[in-house]
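*Asks:* The following block contains the structure, expressed as structure tokens.
Readers should treat all values here as calculations from the given coordinates under stated rules, not as data from a laboratory. Owing to the predicted nature of the structure, the values given are computational and were not obtained by experimental measurement. Positions of Cβ are backbone-derived with ideal geometry, glycine not excepted, and every protein chain shown enters the neighbour counts.
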Amino acid sequence: VILPQYGDENDAVAIEQVQKMFPDREVVGVQTKEVAFGGGNIHCITQQQPAVKK
């Protein structure tokens, strides 16, 4: 699970809470403050990924 992080004191709390929701998954915090300043976040920068030709 990729979890946006903002350099806030509550980032660690958010990881703990999400880990409880997904106990069988690894929760990875990713610093996204700069992306948010650009007007988006994880969803915005990952939604238009081209398909790989096989």
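*Asks:* Given the Cα-Cα distance of GLU16 and GLN49 and 0.36 nm per residue of separation, how much length would full extension add, in nm?
*Replies:* Using 0.36 nm per residue and subtracting the Cα-Cα distance, I get 8.9 nm.
*Asks:* Would you mind counting up the charge near ALA14? Only other residues with Cβ under 13 Å from its Cβ, with Lys and Arg at +1 and Asp and Glu at -1.
*Replies:* -3
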